[in-house]
Amino acid sequence: MRRINKPPRFARLSFLRAALAGLFLTSGLVAARADAALPAPAPTRPAAAAPSFWDPNRSPEKPDLSGLRQIRFLTEDDYPPFNFLLPDGQVAGFNVDLARAICVELDVACTIQRRRWDLLVPALNDNSGDAVIASLAINDETRKQVDFSGPYMMTPGRFVMQADTTLKSASPSAFADRPIAVVAGSRHEAFLKAFYPQSKLVTFETPALARNALKNGHVQGLFGDAISLSYWLNGAEAAGCCVFRDGPFTDPKYFGEGVGIAVKKGNAPLRRALDYALARLAQRGVFAELYLKYFPVGPF
């Protein structure tokens, strides 16, 4: 996830540009007495399923849209698959397609402008744009500067193991006295320290070093950002070495509240319109179509 001062966001790694292919791999967490204090992972999902951040049993109430004529979305262009440049110089990606779908749902004109990451919120606040859709994290810091729609994406934590592992689960008892790779100082390390106290945490300065340690067999598991790991697992760098095991874990204390669309402080009419549109897109299956287009290997 991302803060206004940029890092940390979803991991910015060169392999994110790799082509996506493969299977959606999840399994339930095997509970044992030693694991009683572990927060339950989010429910696993069937193959090729999109996550939902909206109550399917609640019909969204349409707000007054009479004063809404257009939405000027602001985004950046160097964070695939969320935002990136096509060869012809046009901006594309999950966030871009979602913005356009919102405008269709609301039946309003839509423009999408590119800005450097550090200029997105200033451009919003000087009225150069109406809404920022750039995977901006919802947290106490960002709430001081902007208002948010409800979340439309999250970054869960996931375990990865070698494909031929004999371990049947990623529970604390299964990993007792076993080495787990994790990035030093990360929220994932904090989670493991809290709920995997008997495991041997092997810390690395970067996600790439942690992934290499798993691939080369120096550790028996890796815990990290599920979105980044989903790309790695199905790219040339991983070469089929490893698979997801258990999870996803979505405890907001460790993994954040998700990302939302930012609007200028006090712009309640636009915020309500965006929430309505997002809920409608989820209800009609449009959000799922976009998600599966850009995330066929599901981090959830």
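All of the numbers you see were taken from the coordinates with simple rules; none came from a lab. Remember, it's a predicted structure, so these values are computed and weren't measured experimentally. We place every Cβ from the backbone using ideal geometry, glycine too, and count neighbours over all the protein chains shown.
For the range 77-179, place one equal point scatterer on every Cα, skip the solvent, and apply the Debye formula. What is log10 of I(q)/I(0) at q = 0.10, 0.20, 0.22 Å⁻¹? With no solvent term, the Cα-only Debye profile gives -0.46, -1.09, -1.28. With the convex hull drawn around the C-alpha atoms of the range 159-300, the volume per residue stands at 138 Å³.
If you take all other residues with their beta carbon under 11 Å from the beta carbon of residue 240, and give Lys and Arg +1 and Asp and Glu -1, the sum is -1. Placing a pseudo-label 7 Å from each Cα along the Cα-to-Cβ vector at residue 268 and residue 62 gives an inter-label distance of 2.2 nm. When you filter the trypsin sites (Lys or Arg not before Pro) in the range 213-274 for DSSP loop state and at most 15 other Cβ atoms inside 10 Å of their Cβ, you are left with 265.
Model label sites at residue 209 and residue 53, defined 7 Å from Cα along the beta-carbon direction, differ in position by 3.2 nm. As a rough footprinting exposure proxy, the listed residues 188, 218 were ranked by other beta carbons within 10 Å of their own, and the order from fewest upward is 218, 188.
Gain on full extension, evaluated as 0.36 nm per residue between residue 165 and residue 253 minus their Cα-Cα distance, stands at 28.7 nm.
Segment residue 194..residue 177, full-extension length gain: 4.6 nm, with 0.36 nm per residue of separation and the alpha-carbon distance subtracted. Look at the dipole of the range 40-182 built from charges on Cβ: of 153, 142, 170, the Cα furthest out on the positive end belongs to 170. What whole number of Å gives the distance from the Cα centroid of the range 218-277 to the Cα centroid of the range 162-187? Each part reduced to its Cα centre gives a spacing of 20 Å.
Using the Cβ-Cβ distance between residue 107 and residue 141 with R0 set to 45 Å, the FRET efficiency works out to roughly 0.85.
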